[in-house]
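The values are calculated or read from the model by the stated rules, or taken from the named source; none is laboratory data. The shown structure was predicted, so the numbers you read here are calculated from the model rather than taken from an experiment. Note that we place each Cβ from the backbone using ideal geometry, even for glycine, and neighbour counts take in every protein chain shown.
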Amino acid sequence: MIKISPSVLSADFLDFKEEIETMEKIGVDMLHLDVMDGIFVPNISFGNPLIKSIKAHTKLPLDVHLMIDRPHRYIEDFAKYADILGFHFEAGSNNAETLKRIRELGCKSCITIKPCTEPEAIYDLLPLCDMVLVMSVEPGFGGQKYLNSATEKLKKLRAEIDNRGLDCDLEVDGGINGDTAKEAINAGANVLVAGSYLVGSPELEKRVEYLKSL
Ligand code: DX5
Ligand code: ZN
């Protein structure tokens, strides 16, 4: 079953209560929240105060994607409101410890790789992950084009997860639309992040239905 995690990056933060309610009604599975620090990625988005407000307003699980330098410094803070807490392999030093800490704090753990990172780099960490996120664009901005190199990475990670018999979701993020979603799912992804394709679209409901039918 495919899970949908709309990224609210492009939403109007003073005016997206209703859209969150609509997303709940039409059955999205979680909300994807992109935290950017202007250092690990060349953009700044939002931090925990907004996540706290969203948490108070929805029962949907919050899928927090940290794009911040040395994420271990902030795990305790973000674990207060996140349900799934993910950070970048490239941004930290002791990634195994950070993954363990996330689980100890009661969240699902997720490690994320940028387009420059090969999937083999995280194989040893897989038993510590409840989800793996493959970036299919350079992290930092919504509305970019899906990079085909992500497809092969998804295939490799799906095979490794299945061979090891792990219960680990495989998420893809960046440039997901009706066509690229098919490609990613065929490669083994089971969680789709979609920003510009869903959020703010008058076809939100139809598109979610379509993605879930794939
Ligand atoms: C990019 C973010 C994505 C982004 C996706 O760094 O991690 O979650 O919001 O946006 P689209 O779906 O428009 O590529
Ligand atoms: Zn993201």
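Comparison of Val208, Val199, Val172 shows that the only residue that is at pLDDT 95 or above, within 16 Å of ligand 2 (Cβ to nearest atom) and under 22 Å from Gly27 (Cα atoms) is Val172. I'm trying to understand the selection: among the residues of the range 90-113, which are surrounded by fewer than 17 Cβ atoms within 10 Å (Cβ to Cβ) and touching a strand residue (DSSP E or B) at 6+ places or on another chain (Cβ under 7 Å)? Result: Arg103, single match.
Would you check if Tyr81 is outside any helix (DSSP H, G or I), among the aromatic types (Phe, Trp, Tyr) and modelled with pLDDT of 95 or more? When the stated conditions are applied, Tyr81 passes them.
Looking at the range 41-50, which of its residues are touching a residue at least 60 places away in the same chain (Cβ under 8 Å) and within 14 Å of ligand 2 (Cβ to nearest atom)?
We begin by selecting, within the range 41-50, every residue touching a residue at least 60 places away in the same chain (Cβ under 8 Å); these are 41-43.
Those that are touching a residue at least 60 places away in the same chain (Cβ under 8 Å) and within 14 Å of ligand 2 (Cβ to nearest atom): Val41, Asn43.
Restrict the check to the range 171-179 and report whether at least one residue is surrounded by 19 or more Cβ atoms within 10 Å (Cβ to Cβ), outside any loop (DSSP other than H, G, I, E, B), touching a residue at least 60 places away in the same chain (Cβ under 8 Å) and not hydrophobic (A, V, I, L, M, F, W, C). Walk me through how you get there before you give the answer.
Of the range 171-179, the ones surrounded by 19 or more Cβ atoms within 10 Å (Cβ to Cβ) are 171-176.
Remaining after also requiring outside any loop (DSSP other than H, G, I, E, B): 171-173.
Checking the rest, the ones that are also touching a residue at least 60 places away in the same chain (Cβ under 8 Å) come to 171, 173.
From what is left, the residues that are not hydrophobic (A, V, I, L, M, F, W, C) are 171, 173.
Yes - at least one qualifying residue is present in the range 171-179.
Ser109 fulfils the conditions (1) of a type in the set (Ser, Thr, Tyr); (2) in a helix (DSSP H, G or I); (3) within 22 Å of Asp37 (Cβ to Cβ) except for a single criterion, (2).
In a residue-by-residue description of the range 132-151, the property of being assigned to a helix (DSSP H, G or I) and within 16 Å of ligand 2 (Cβ to nearest atom) applies to at least one position.
Just the residues that are part of a helix (DSSP H, G or I) and either without any contact (Cβ under 8 Å) to a residue 24 or more places away in the chain or among the aliphatic types (A, V, I, L, M) (or both), please, taken from the range 2-20. Spell out the reasoning first.
If we filter the range 2-20 for residues that are part of a helix (DSSP H, G or I), which is where we start, we get 8-10, 17-20.
Within the range 2-20, Val8, Leu9, Glu18, Ile20 meet the criteria.
Taking the numbered list (1) under 15 Å from the mean Cα position of the chain (by Cα); (2) at positive phi in turn, Gly38 passes all entries but (1).
Please verify whether Val35 is part of a loop (DSSP other than H, G, I, E, B) and at pLDDT 95 or above, treating the condition exactly as stated. Walk me through it before giving the result.
Details: part of a loop (DSSP other than H, G, I, E, B): no; at pLDDT 95 or above: yes.
No: the conditions fail for Val35.
What residue, among those in the range 40-67 that are closer than 16 Å to Ala79 by Cα and β-branched (Val, Ile, Thr), is nearest to ligand 1 (Cβ to nearest atom)? By that ranking, first place goes to Val64.
Yes or no: Pro202 in a loop (DSSP other than H, G, I, E, B) and within 16 Å of the chain's Cα centre (by Cα)? Reasoning before the result, please.
Numbers: in a loop (DSSP other than H, G, I, E, B): yes; within 16 Å of the chain's Cα centre (by Cα): no.
So Pro202 fails the test.
When the residues of the range 184-199 are filtered to those that are within 14 Å of ligand 1 (Cβ to nearest atom) and not in a loop (DSSP other than H, G, I, E, B), the one that is farthest from Glu19 (Cα to Cα) is Ala184. In the range 136-167, the residue that is farthest from ligand 1 (Cβ to nearest atom) out of those that are buried (at least 23 other Cβ atoms within 10 Å of the Cβ) and within 16 Å of Glu120 (Cβ to Cβ) is Leu157.
Residue pairs whose Cβ atoms lie under 7 Å apart, sitting 6 or more positions apart in sequence or on different chains, and linking a residue in the range 64-76 that is more than 18 Å from Asp130 (Cβ to Cβ) to a partner that is in a helix (DSSP H, G or I) and within 16 Å of ligand 1 (Cβ to nearest atom), are Ile68/Ala91; Asp69/Ala91; Arg70/Ala91. Yes or no: Leu62 at pLDDT 95 or above and either within 19 Å of Asp124 (Cα to Cα) or touching a Lys or Arg at 6+ places or on another chain (Cβ under 9 Å) (or both)? In short, yes.
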